[in-house]
1. Give the angle, between 0 and 90 degrees and rounded to the nearest 10, that separates the Cα long axis of helix 23-34 from the longest principal axis of the Cα atoms of the chain.
2. Quote to one decimal, in nm, the extra length available between residue 28 and residue 61 on full extension: 0.36 nm per residue of separation minus the C-alpha distance between them.
3. Please compute the volume of the convex hull spanned by the alpha-carbon atoms of region 72-133 and report it per residue in Å³.
4. Go from 0 up to the bin containing the longest alpha carbon distance in the chain, width 10 Å each, and give me the % of pairs per bin.
5. Just grab the label-to-label distance for residue 44 and residue 108, each label 7 Å out from Cα along the Cβ direction, in nm (one decimal).
6. Helix 49-62 against the longest principal axis of the chain: what's the angle in degrees, Cα atoms only, rounded to the nearest 10?
7. What accessible area per residue, rounded to a whole number of Å², is obtained for the chain using a probe radius of 1.4 Å?
8. If you build a Gaussian network model of the chain, linking Cα atoms that sit under 10 Å apart, which residue out of 152, 28, 88 swings the most?
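The values are calculated or read from the model by the stated rules, or taken from the named source; none is laboratory data. Since the model is a prediction, treat every value here as computed from it, not as a measurement. Using ideal geometry, Cβ is built from the backbone for each residue, glycine included, and neighbour counts are taken over all protein chains shown. In case anyone asks, the SASA skips ligands and DNA or RNA and just uses the protein heavy atoms, side chains included. Shrake-Rupley method; radii C 1.70, N 1.55, O 1.52, S 1.80 Å.
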Amino acid sequence: MTSAREDILANIRRSLGVTGSEAPRRSNVATRLQNAPAGIIPARGQLDARGRVAMFKQQAERAQASVTEVAHPEDVPGEVARFLRDHNLPATIRIGADARLGAMPWAQTALEVSSGRSNGNDPNAVSHAFGGVAESGTLAMLSGPDNPTTLNFLPDNHIVVLSAADVVGDYETIWKRLRDDLGKGTLPRTVNLITGPSRSADIEQTLLLGAHGPRTLHIIIVGEPA
């Protein structure tokens, strides 16, 4: 049994006298996909590297995330410990298998570090972002064992490490970089775009943080813009 869609396409092919497997036609399609024209990109994110980081920070804070900057990756554990201490949160974190996080000197802090996916009982998680979008203060998070998606949504408090060099102006650049860096066949199953902590105003138009995920989002920007 064929579907209505297959019947319609078969009728079109018969009327055109083609099968769809002709080399020139397939080449034309491949060329069109490879050279697809770029869409309209907002101008406000088209800044130099320092300008992009400044705009990212401004937009993220407008979305009720907190943002701090550190000079080196080895400064991250101390900043995580400070954030938890200042907010009277448990000195425990869960991280994935990201090599960048694994190389950081967590042992120099009093933090209790667990690894792997969250089962919903972790108060705090630390992830590493693939990139940041300056125009909206958005984090691009890739799924996988390095940074499990459960860490994005289940803990109450999410701390995200973002390299300053990975802050781009717009969403289009994030997607292009994802395709260029990972390539066809190795893209992650999920890309989560996160702007600020979870929130909802569905009930009586009253803003409630943590409605569908973390109630706090703290972003640590590492290094100098590139």
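1. Helix 23-34 and the main axis of the chain meet at about 30 degrees.
2. In short, 7.3 nm is gained.
3. Per residue, the Cα convex hull of region 72-133 comes to 109 Å³.
4. Bins of 10 Å from zero give 7, 27, 29, 16, 11, 8, 2, 0 percent of pairs.
5. 3.8 nm
6. Between helix and principal axis, roughly 70 degrees.
7. 58 Å²
8. With Cα springs under 10 Å in the chain, the top fluctuation among 152, 28, 88 is at 28.
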